[in-house]
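What follows is a short report on a single structure.
The values are calculated or read from the model by the stated rules, or taken from the named source; none is laboratory data. Predicted model, so just to flag it, every value in this text is computed and none were measured. Glycine gets a Cβ as well: all are built from the backbone with ideal geometry, and neighbour counts include every protein chain shown. In case anyone asks, the SASA skips ligands and DNA or RNA and just uses the protein heavy atoms, side chains included. Shrake-Rupley method; radii C 1.70, N 1.55, O 1.52, S 1.80 Å.
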Amino acid sequence: MERLEIISDKLKLLGEKTRLTMLILLTEREWCVCEFVHVLHMSQPGVSQHLRKLKSLGIVNEERRGQWVYYSLNVADKPYIQAVLNEMPSPQDMLKQLNKSDMKY
C-alpha cells in the first residue's frame, strides 16, 4: 500500500496543467527557471514553487550552475509517469500552443 500511495502522490502532481506542461517541455532537454518564466508567463516564485513540488517527489532533478538553476526529468525509474508523458504533445507542439514557437528547442 505504501508504494501505491507514493505513486498516487506523484500522479496527482501531473493533474495540474502547469506542472504537466513543465514536464512535457523537460522531455527533450533541461530548462532553467528563467525560461519557464518566459514561456509560461508566470512569476519566478510561482515557477519555483511548481518545480519544488516536482523535485520533492523526485520527478525532476535540480542542478545549480553559478546563479542559474537548471531542471531535468528524473523519470527513468517511474514508467507510469513516462507512459503519461509519451501520450502528451511534443515539446515543439507545446511551445506552439503557448505561442512560443520562436524559442530554440
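Taking each residue of segment 52-78 that is among the charged types (D, E, K, R) and open to solvent by less than 100 Å² (accessible area, probe 1.4 Å) and looking for partners that are part of a helix (DSSP H, G or I) and modelled with pLDDT of 95 or more with beta-carbon atoms closer than 6 Å, six or more apart or interchain, yields Glu62/Lys55. Picking from residues in segment 37-51 that are part of a loop (DSSP other than H, G, I, E, B) and free of Cβ contacts under 8 Å to residues at least 12 places away in the same chain, the one that is most open to solvent (accessible area, probe 1.4 Å) is His41.
Which residues, taken from segment 83-95, are more than 15 Å from Trp31 (Cβ to Cβ) and surrounded by 14 or more Cβ atoms within 10 Å (Cβ to Cβ)? Matches in segment 83-95: Val84, Met88. Tell me which residues, restricted to segment 11-32, are open to solvent by less than 30 Å² (accessible area, probe 1.4 Å), closer than 14 Å to Lys78 by Cα and assigned to a helix (DSSP H, G or I). Correct list: Leu13, Leu23.
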